[in-house]
1. Filter the stretch 90-100 down to the residues that are open to solvent by less than 10 Å² (accessible area, probe 1.4 Å) and either out of contact with any strand residue (DSSP E or B) (no Cβ under 7 Å at 6 or more places or on another chain) or in a helix (DSSP H, G or I) (or both) and list them by number.
2. Just for the stretch 277-295: of the residues that are assigned to a loop (DSSP other than H, G, I, E, B) and in contact with a strand residue (DSSP E or B) (Cβ under 7 Å, 6 or more places away or on another chain), which one is surrounded by the fewest Cβ atoms within 10 Å (Cβ to Cβ)?
3. Step by step: first the residues of the stretch 246-263, then only those that are open to solvent by less than 30 Å² (accessible area, probe 1.4 Å) and out of contact with any helix residue (DSSP H, G or I) (no Cβ under 6 Å at 6 or more places or on another chain), then the one that is nearest to Ala11 (Cα to Cα). Which residue is that?
4. Inspect all residues belonging to the stretch 53-61 and state whether any of them is of a type in the set (Asp, Glu), open to solvent by 20 Å² or more (accessible area, probe 1.4 Å), in contact (Cβ under 8 Å) with a residue 24 or more places away in the chain and in contact with a strand residue (DSSP E or B) (Cβ under 9 Å, 6 or more places away or on another chain).
5. So which of Ala183, Ala215, Ala190, Ala197 is open to solvent by 10 Å² or more (accessible area, probe 1.4 Å), touching a residue at least 40 places away in the same chain (Cβ under 8 Å) and either at negative phi or out of contact with any His (no Cβ under 8 Å at 6 or more places or on another chain) (or both)?
6. Got a number for residues in the stretch 258-276 being out of contact with any strand residue (DSSP E or B) (no Cβ under 7 Å at 6 or more places or on another chain) and either at pLDDT 95 or above or part of a helix (DSSP H, G or I) (or both)?
7. When you check Gly131 against the structure, is it in contact (Cβ under 8 Å) with a residue 24 or more places away in the chain and either buried (at least 21 other Cβ atoms within 10 Å of the Cβ) or not aliphatic (A, V, I, L, M) (or both), yes or no?
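The values are calculated or read from the model by the stated rules, or taken from the named source; none is laboratory data. Note that the structure is a prediction, hence the values are computed from the model and not measured. Every residue, glycine among them, receives a Cβ derived from its backbone with ideal geometry; neighbour counts consider all protein chains shown. Ligands, DNA and RNA are excluded from the accessible area calculation, which covers all protein heavy atoms including side chains. Shrake-Rupley method; radii C 1.70, N 1.55, O 1.52, S 1.80 Å.
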Amino acid sequence: MRIAFLYIAEAYQCYHGAAIAFELARRPGWTVVNYHNDPETPHHLERIRAAYGVPPIETRRLHRSPLTVALQRLKRLGMFKDLVMRDNAAELDGYDAIFAVEDTAAALRRLGVRRPRLIYHPHGVGDRARGFVRDIAVFDHVLLAGPKTAERMLREGLIRPDAYTLTGSVKLETGFRVGEVAAPLFSQAAPTVFYNAHKEPRLTSWHRFIEPMLAGFAADPSLNLIVAPHVKLFRRHPERHRTNWRARSTPNVLIDPGSDRSVDMTYAVASDIYVGDVSSQVYEFLMRPRPCVFLNAHRIDWRDDPSFAHWHLGDVVDDPADLMAAIHAAPARHALYRARQEAMADASLGDRSPGAAARAAQAVAAVLAR
């Protein structure tokens, strides 16, 4: 059996799928090949491989035509995923299955890839509408962490009852194996706040809240702050932009615009209070119930919108002037949200017993045995 694992976007996505590839590669008669678009992906694949203690498997950079190479040099325009998939369609069509962690891989059917089964595992367990697009219906089988996502996808006609499997969170399992937790992140022992802004322009809290937040923590050194937004927030900027943000770190503020620790759950494990907007990382943080504060930077009418279900798990702040008070109040108010957090984390993350990657691999093998 030959299966291609396709990492068509940034390297952080391999934390959601690589462990499954390594589990399948253990099976006699299976050929597993990792294909990647982002040149940083092999570094992260190797971190995951070492954490699982398994032999290497073949990793290939996706072929890129001269046009695609030229366009990708213009970082502000993105990764040109459709062009890259078109450049590799003929080769990928030779596999029995293609495993993807991004729904854009559905375009492979439009680009002429007919033979392989398409298997999809979303890179996150969040609530945003972007995670429930029509392209999901193109896939032959979908692996999901928990029942919350499955119920919504079934309701919206994106999956069939016989074409999905619940496995638990592979990212959670991988993060616990890989995460850097040996050394303290701050010299002072103090409650630590994790600010995790998303990159989506119409939803992110970054532009409205980051400067007031930094000013608030500068004036109040009784708290530590980790600033680790979605890595794509800085992806299309030159390195000096990230360097300038790192340089603004202080003894009680760590600003990380894109290191290994920003993608491997180190910060979710190490923090006491979560502050964010629409990132699915909130559910990774809530593997252990803790106080949350959510930032409504765009005055969204969110209360009855399922895309903001996680905003019912903590206080919601509309005005940056109210931020520090909300953070200080969050531990005392946590009792109001703890039971709901536990229920939503269970529904989102699913089975948290050891072996999520092995369960996912078994599901893939079962699909291909039909």
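1. The answer is Leu92, and nothing else.
2. By that ranking, first place goes to Arg290.
3. Out of the qualifying residues, it is Ser262.
4. Yes, the stretch 53-61 contains at least one residue that is of a type in the set (Asp, Glu), open to solvent by 20 Å² or more (accessible area, probe 1.4 Å), in contact (Cβ under 8 Å) with a residue 24 or more places away in the chain and in contact with a strand residue (DSSP E or B) (Cβ under 9 Å, 6 or more places away or on another chain).
5. Ala190
6. 5
7. yes
So that you can scan it fast, the table gives a plain yes or no per residue for (1) assigned to a strand (DSSP E or B); (2) among the charged types (D, E, K, R); (3) in contact (Cβ under 8 Å) with a residue 24 or more places away in the chain; (4) surrounded by fewer than 18 Cβ atoms within 10 Å (Cβ to Cβ):
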residue	(1), (2), (3), (4)
Ile3	yes, no, yes, no
Tyr15	no, no, yes, no
Leu24	no, no, yes, no
Val32	yes, no, yes, no
His43	no, no, yes, yes
